[in-house]
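What follows is calculated from the coordinates using simple rules that are stated; it is not laboratory data. Predicted model, so just to flag it, every value in this text is computed and none were measured. Please note: Cβ atoms are built from the backbone with ideal geometry, for glycine as well, and neighbour counts cover all protein chains shown.
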Amino acid sequence: MANVLVFIDNPGQALKKSSLELLTIARSLGETAVAVNGELSDDVAGTLGAYGAAAVFRPSAADLDDYLVAPKAAFLAAVADKAGATTVLLENSPEGKEIAARLGIRLSAGVITDVVAVDADGTAHKSVLAGSYTTTAKATTPVTVLSVKANTVEPQPATAPGAPETLTVDVPAEATAAAARITSREQKVASGRPDLTDARIVVAGGRGLDGDFGPVEELADALGAAVGASRAATDAGWISHDAQVGQTGKTVSPQLYISAGISGAIQQKAGMQTAKVIVAVNKDAESPVFEIADFGIVGDLFQVLPQATEEIKKRKA
Amino acid sequence: MKIVVLVKHVPDAQFDRHLSGEGHTTDRDESILSELDEYALEAALQLAEARGGAKAGNKVIALSMGPAGAVNAIKKSLQIGATEGVHLTDGALAGSDAAATSLALAAAVRHLGADTPVDLVLTGMASTDGETSLVPAQLAERLGLPQVTFASSLEVDGGRVTARRDADTHSETVEASLPAVVSVTDQINEPRYPNFKGIIAAKRKSITTLSLADIGVASSQVGHTGSWTRVTAAEERPPRTAGTIITDEGDAGIQLVDFLAAQKLL
């Protein structure tokens, strides 16, 4: 059986859904070991066991978070060697992908990012060129490194939970020498909304909002959705750049994408056309977004969105 | 300062893009300088200008790896203001994945630093074709350099680079010693356009062509043979088609909720 290593960076007090998904995929590929950076609470250790982890590896150093990426990749390479891992799974965040990148060089291993499904033989499935193609890819090397998108499988605990042993692995001494150091960090105010990349529903606004994201935010909150925006809206400073969906922003693949006041130029489409269901609201009947919308409304979003929000609240009450 | 900017010739996303051939590689007709690389080039030009520009010996080298057409990305970079261009081109490079690409680019950067060292390698945050963001980190790992990725601001002073980074949950300041590999986001600056003077000046600037032999890389280390991943199948997703389109007659919000309920999305 293959040995699979899952990297979980700073689990905190409970494992995120995306981490549980990685553990679920890992079990379908072979015997699972986990590398954890940061605190390891008893609860998290218990969950790792419940999801079938046979071993948990922790770094000898506590300061990996003070540096960008490189020492984490060095630690993970050391663990992969020790665990005899033939597949390494990481989350598909920007940092996860970069750790995967450096790990790939250290292990002479092929790296595949943006993975949405993995076959038992390690073949990975993904979508490329802004969702216009689906591809399968495979590493040609003895070790495979995969970064897997969130919301790809339902987390399932193991049928036979284990009690993983915890081992400490030395972080190579040279790992921090040529790494960028983080000198300050400020937490942003949490919006309370789901993370845009992982959200099941996204409500996005564009130029048609004319500076007022209120209707979009209210509809998002009624639906438990994340708020997205077109580049025109973020460039105008109406909403933070983090919200940008599109070719130069985030790619989202939710169950439902509601586009309000966005014409749907190709760069915007690129960020959202793999959504299961697309709804568009726009005054201009000629907007390209209507070519791909499952349900389109030609109308004034300042009328349509608040009416929909009220109706959802009424039905949920 | 000697700055190498990686510039890539990518298919224009305004048109349909296609994969073809045995390796399912991207067709490169209708290609342009990757939009995200313009931010890296602008950042390089600003750093060079702040130090007295080309007259004071500052070099901004636009380096592109790719087939013959990639020279257009270099030419555009020269028109915008790069001081010289380098085109790494060799038939054996076709089909290189990120690992093989970073191997070739690392060798090219070492080659360019043979006489006077390279201080900074600047890149965009991702290519707009492969979109993996793997190459900057892999290049840094291969060169044994610090990487500073997704910089939304950048300062270089006294042999150190300081950058701001914005993640979803936090912002941070990072610092590294030079030389370093730095990737920049589209928030860092407003890229300039080539002007008439720049277009004329570009005609006098040199473009050096490098082959794999020039940089000491064997054909077997790159291309399909040297890549560590292989695309085994590619399927074009059927285009989305329009569904129901209605015009609001006062109850479109209600109809929208009915639609969501029918789709079990409430």
Karplus-derived HN-Hα couplings along region A:31-45 (A = 6.51, B = -1.76, C = 1.60, θ = phi - 60°), whole Hz, x at Gly and Pro | 7, 9, 10, 10, 10, 10, 9, x, 4, 10, 6, 4, 4, 5, 4
A:SER253's amide H: which non-local residues (gap 5+, or another chain) put their own amide H closer than 5 Å, with H modeled 1.01 Å from N in plane and none for Pro or chain starts?
-> none
Roughly how tilted is helix A:94-107, in degrees to the nearest 10 and between 0 and 90, from the longest Cα axis of chain A?
-> 30 degrees
Relative packing of peptides A:186-197, A:262-273 - highest average C-beta neighbours within 10 Å first | A:262-273, A:186-197
Would you kindly derive the ³J(HN,Hα) couplings of region A:54-68 from the backbone phi angles with the Karplus curve 6.51 cos²θ - 1.76 cosθ + 1.60 (θ = phi - 60°), listing them in order in whole Hz, with x for Gly and Pro?
-> 8, 8, 10, 9, 10, x, 6, 10, 9, 10, 4, 6, 7, 10, 7
Give a residue-ordered list of calculated ³J(HN,Hα) values for region A:132-138 (Karplus: 6.51 cos²θ - 1.76 cosθ + 1.60, θ = phi - 60°; whole Hz; x for Gly, Pro).
-> 7, 10, 10, 10, 10, 9, 9
Test item: B:165-173 mean partner chain Cβ contacts at 10 Å = 6
Would you grab the residues whose amide H sits under 5 Å from the one on A:ALA117? Only those 5+ places off in sequence or on another chain, please, with H modelled 1.01 Å from N.
-> A:HIS125
Ratio Rg/Rh [Cα only; Rh per Kirkwood] for the protein assembly as shown | 0.97
Shielding by partners - mean other protein chain Cβ count within 10 Å, residues of A:93-101 = 6
With axes computed from alpha carbons, what is the tilt in degrees of helix A:17-29 against the longest principal axis of chain A, rounded to the nearest 10 within 0 to 90?
-> 50 degrees
Just from its helices, what would the mean residue ellipticity at 222 nm be for the protein assembly as shown, if runs of 4 or more DSSP H residues each count -39500 (n - 2.57) and the sum is divided by every residue, rounded to the nearest 500 deg cm²/dmol?
-> -8500 deg cm²/dmol
Which net charge results when you count Lys and Arg as +1 and Asp and Glu as -1 among the other residues whose beta-carbon is under 11 Å from that of A:LYS126?
-> -1
From other protein chains only, count the Cβ atoms within 10 Å of every residue's Cβ in B:238-247, then give the mean.
-> 6
So, by mean Cβ neighbours within 10 angstrom, what's the order for B:68-78, A:233-243, A:301-311 with the highest one leading?
-> A:301-311, B:68-78, A:233-243
Take each of the peptides B:41-51, B:232-242, average the number of other beta-carbon atoms within 10 Å over its residues, and list them starting from the highest.
-> B:41-51, B:232-242
Rounded if a/c is under 1.5, else prolate if a/b is larger than b/c, else oblate: which is region A:194-317, with a ≥ b ≥ c the root eigenvalues of its Cα gyration tensor?
-> rounded
Could you list which residues have their amide H under 5 Å from that of A:SER263, counting only those 5 or more apart in sequence or on another chain, with H placed in the peptide plane?
-> A:ARG207
